[in-house]
Structures are given as structure tokens and as C-alpha cells.
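*Asks:* Sharing a structure below in C-alpha cells format, with a few things to ask.
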Amino acid sequence: DPDVLRDAAPRGLFVGTAVDMAALANDPVYRERVGAEFSSVTAENVMKWETLQPERGRYDFAAADELVEFARANGQRVRGHTLVWHNQNPAWLAEGDFSRQELRAILREHIHTVVGRYRGQIWQWDVANEIFDDEGNLRQNIWLETIGPDYIADAFRWAHQADPRAQLFLNDYNIEGVNAKSDAYYELARQLRREGVPVHGVGVQGHLGVQYGFAPDTTANLQRFAALGLRTAVTEADVRIPMPADTVELQAQAQGYSSLLTACLRTPRCDSFTVWGFTDRYSWVPDWFEGEGAANLLDEDYNPKPAYREVLETLALA
Ligand code: G3I
């Protein structure tokens, strides 16, 4: 059916969405669209530490299992999100007072347990999420403070031990174009590759806003990572709008989506394009940015917006 994103996409490009597990369970229209429209899924929240290991040593895989099973039933790949982050960590971890050795052991155990459980079932893992600040310095977080910068290489090595076939990614926002932050990723990726650390890709999240404009050099940026031998991916695309959205802004939003998709299509081995939710009915944006919203491809009633038509057409022509 060429009228859905997954079928319009050229061979080898997987089109994904973040999945809200509550909506998947409670909203049949949502569930139907996730299955019909996408060839890849990412857990919006349920593969994060606070969900998977709410208490030290007690794992809860119920919701993550549900998503992996849904994906299997619908012939979809799964992007795993995420193994190391500064956010959505359980209180016992965030507030714990661990030695370097203890925290290293905790991280290693979590990665081995989680990646090992889904061995062979997760296509790409966002191993390290948002580890640089916008100036390109390593972000202050519990991992850096307690373990030191080696936590990054170790996380990739541990994930690779647990599932040698999974593709392992760095992932961040504000790295669509060439800038201080994406330069930092470029240098890190080059260094890790030189050291033989199993890093396979860089994910550009793609959280854009019409009021900020869109980086004109996204293609060049993705291509420089490709030239290092890395895969790339657009992992969390959305384009928010100051509310209420008018027709000019909805048109600009469509251009924002296509700037990301087109860059991916022009880059060798950019093989996944994922949106961070696909309907304005469920979106993190209004909760985080006061007065902004309407960031997704479909409106609150699942009607296609100009952005949806633009993405569908761009895929079909590729
Ligand atoms: O689960 C609780 C629920 O029990 C409670 O009633 C409710 C009340 O606020 O909160 C619920 O938790 C919320 C959680 O999403 C699940 O819905 C948190 O408050 C809320 O902060 C959390 O937001 C998520 C955010 O990450 C947190 O960092 C968003 O859904 C999720 O879309 C967003 O995703 C991130 C990516 O992981 C990384 N890149 C940026 C992206 C957008 O911020």
C-alpha cells in the first residue's frame, strides 16, 4: 500500500516512530496506525533505566517486552533507547552515593542484562544518549562524575558483548548541522573507531522548531560521519510550532521534516528515519515547551498535515 510511510520508503530505509505504550494499549486507532504506517519502532520511555530497573537489581521488562512482541507481530524492527543517559534514571541510582568501581559494575550489569535479554531482537541501540552539552563539552552526569570519560567506551564494549549483532549508536539533539556539538561527536566517533571501540552509528534526534529555522548543512554533516565508516539515523524527528499553528507554519514544518529526511536519503548507510511520535494527540512537546505544540505528522484526530504529505511524497520519489 503506497499510501503508508513504510511502503512508500525506498528499499533499505526503515521508517519508525517512538511508541507511547499507554496509547498503544488504550487507543485502538493509535495501535492500528503504528502497525500500518511504520517499519521500525522505538520505546518512547519504557526502555529507560527508571522503567527497566526501578529498584536496584529488580528488573521490570513487562512494557518493553510488549513493544518487542508488537514489533515482531507487525514485521517491524526495534530501536532500543537508551542505555546511558542523565535523565529518567531511578531514584536509587540518581541519589545513590557509589564509588567508581561500584557504579561501573552497576552500569555493566544493567547493559549486559538489558541488551542480553533482547539479543537478536533489537536492530539498533542508542547506547549513549545526550553525552555532550551544546558547547561540545562532555555533559556533567553521574557517569562522568563518578566513572570518568571512559564510561562511554565501556558502555559500547559491554553492549557489544551482550549482542554482537546489534548496531550501537551515539545519539543527541542539536547535532543536525555542523556546529560545536556535532564537531564533538565527530571527534569522539573518530577516536573511538581508532581505538577499536564498537561504535556503529550516530543518531541525529531532529527535535526542530519552525521559529529556529533548519540547519542548511544537515546532508554535509551526516555525510562526514558516513565518511568515517559510520551509519547515521534520524532518531527522534519532530518540528514544533508556537501555538496556534497557522498554515504558513504548517508549511514550514513540512520543510523541517523534509530537511531531515532528504539529508538521510542522500547519505550512504543512513537507514533509519524515526519520528518522535506521529500524532499531535500524544506528544511530549506541550508538556515541555509552554505555548508550543502541533509537532507531529498527523493532527490530534489523526488527519494528515502538510508534513505527512511531504514525507510520504519524498519517500515515494526517492
Ligand atoms: O510515568 C509517569 C506517570 O506515572 C505520572 O502520572 C506522570 C505525571 O507527570 O508522569 C509520568 O512520567 C512522565 C514520562 O514521560 C512518561 O509519560 C514524565 O513525567 C515525563 O517527564 C516523561 O517525559 C519524557 C521525556 O523524554 C523525559 O525525559 C517524554 O515522554 C519523552 O518523549 C522524552 O523523550 C526524550 C528522549 O528520550 C531523548 N531525547 C529527547 C526526548 C524529548 O525530551
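Readers should treat all values here as calculations from the given coordinates under stated rules, not as data from a laboratory. As the structure is a computational prediction, the values presented were derived from the model and not from experiment. Backbone-built Cβ (ideal geometry, glycine too); neighbour counts: all protein chains shown.
*Asks:* Among the candidates Pro216, Pro198, single out the residue that is in a loop (DSSP other than H, G, I, E, B), farther than 26 Å from Phe98 by Cα and touching a strand residue (DSSP E or B) at 6+ places or on another chain (Cβ under 9 Å).
*Replies:* The match here is Pro198.
*Asks:* Separate question: Considering segment 67-104 alone, what residues qualify as being farther than 17 Å from Asn141 by Cα, assigned to a helix (DSSP H, G or I) and more than 16 Å from the ligand (Cβ to nearest atom)?
*Replies:* Across segment 67-104, the qualifying residues are Val68, Glu69, Phe70, Ala71, Arg72, Ala73.
*Asks:* Right, something else. For segment 40-75, enumerate the residues that are under 15 Å from the mean Cα position of the chain (by Cα) and either surrounded by fewer than 19 Cβ atoms within 10 Å (Cβ to Cβ) or not basic (Lys, Arg) (or both).
*Replies:* Across segment 40-75, the qualifying residues are Ser40, Val41, Thr42, Ala43, Glu44, Asn45, Val46, Met47.
*Asks:* Hey, another quick one. Those residues that are part of a loop (DSSP other than H, G, I, E, B), within 16 Å of the ligand (Cβ to nearest atom) and out of contact with any helix residue (DSSP H, G or I) (no Cβ under 7 Å at 6 or more places or on another chain), I need them from segment 171-195; list them, please.
*Replies:* Answer for segment 171-195, where residues must be part of a loop (DSSP other than H, G, I, E, B), within 16 Å of the ligand (Cβ to nearest atom) and out of contact with any helix residue (DSSP H, G or I) (no Cβ under 7 Å at 6 or more places or on another chain): just Tyr173.
*Asks:* Within segment 278-305, restricting attention to residues that are in contact with a Leu (Cβ under 9 Å, 6 or more places away or on another chain) and more than 19 Å from Tyr212 (Cα to Cα), which residue is surrounded by the most Cβ atoms within 10 Å (Cβ to Cβ)?
*Replies:* Only one residue tops the list, namely Phe278.
*Asks:* Right, something else. Condition test on Val46, is it within 16 Å of the ligand (Cβ to nearest atom) and not polar (S, T, N, Q)?
*Replies:* yes
*Asks:* Is it the case, given these coordinates, that Ala316 is aliphatic (A, V, I, L, M) and out of contact with any Asp or Glu (no Cβ under 6 Å at 6 or more places or on another chain)?
*Replies:* Yes; evaluated as a whole, the condition is true for this residue.
*Asks:* Turning to a different aspect of this structure: Give me the residue from segment 105-126 that is touching a residue at least 60 places away in the same chain (Cβ under 8 Å) and in a strand (DSSP E or B) and, out of that set, nearest to the ligand (Cβ to nearest atom).
*Replies:* Asp126
*Asks:* Being among the hydrophobic types (A, V, I, L, M, F, W, C), buried (at least 22 other Cβ atoms within 10 Å of the Cβ) and either touching a helix residue (DSSP H, G or I) at 6+ places or on another chain (Cβ under 8 Å) or not in a helix (DSSP H, G or I) (or both) is the requirement here; does Ala153 meet it?
*Replies:* no
*Asks:* In addition: Filter segment 1-23 down to residues that are surrounded by 20 or more Cβ atoms within 10 Å (Cβ to Cβ) and within 16 Å of the ligand (Cβ to nearest atom) and give me whichever is nearest to Gln124 (Cα to Cα).
*Replies:* Selected residue: Gly16.
*Asks:* Still on this model: Between a first residue in segment 175-188 that is within 15 Å of Leu260 (Cβ to Cβ) and without any contact (Cβ under 8 Å) to a residue 40 or more places away in the chain and a second residue that is among the aliphatic types (A, V, I, L, M) and assigned to a loop (DSSP other than H, G, I, E, B), which pairs have beta carbons less than 8 Å apart while being 6 or more apart in sequence or on different chains?
*Replies:* Ser182/Ile175
*Asks:* Now a separate question. Residue pairs, Cβ under 6 Å, 6 or more apart or interchain, first in segment 264-293 and closer than 24 Å to Thr232 by Cα and of a type in the set (A, V, I, L, M), second part of a loop (DSSP other than H, G, I, E, B) and more than 13 Å from the ligand (Cβ to nearest atom). List them.
*Replies:* Leu265/Ala318
*Asks:* As an exercise: evaluate Ala233 against (1) part of a strand (DSSP E or B); (2) farther than 14 Å from Asp126 by Cβ; (3) not hydroxyl-bearing (Ser, Thr, Tyr) and give the number of the one condition it does not meet.
*Replies:* (2)
*Asks:* Cβ-Cβ below 9 Å, separation at least six or inter-chain, first residue in segment 81-95 and among the aromatic types (Phe, Trp, Tyr), second within 9 Å of the ligand (Cβ to nearest atom): which pairs?
*Replies:* If the second residue must be within 9 Å of the ligand (Cβ to nearest atom), the pairs left are Trp85/Lys48; Trp85/Asp126; Trp85/Asn129; Trp85/Glu130.
*Asks:* Give segment 1-59 a look and list any residue that's among the acidic types (Asp, Glu), in a helix (DSSP H, G or I) and out of contact with any strand residue (DSSP E or B) (no Cβ under 9 Å at 6 or more places or on another chain), or say none.
*Replies:* If the condition is that a residue be among the acidic types (Asp, Glu), in a helix (DSSP H, G or I) and out of contact with any strand residue (DSSP E or B) (no Cβ under 9 Å at 6 or more places or on another chain), then Asp7, Glu32, Glu50 are the ones that fit.
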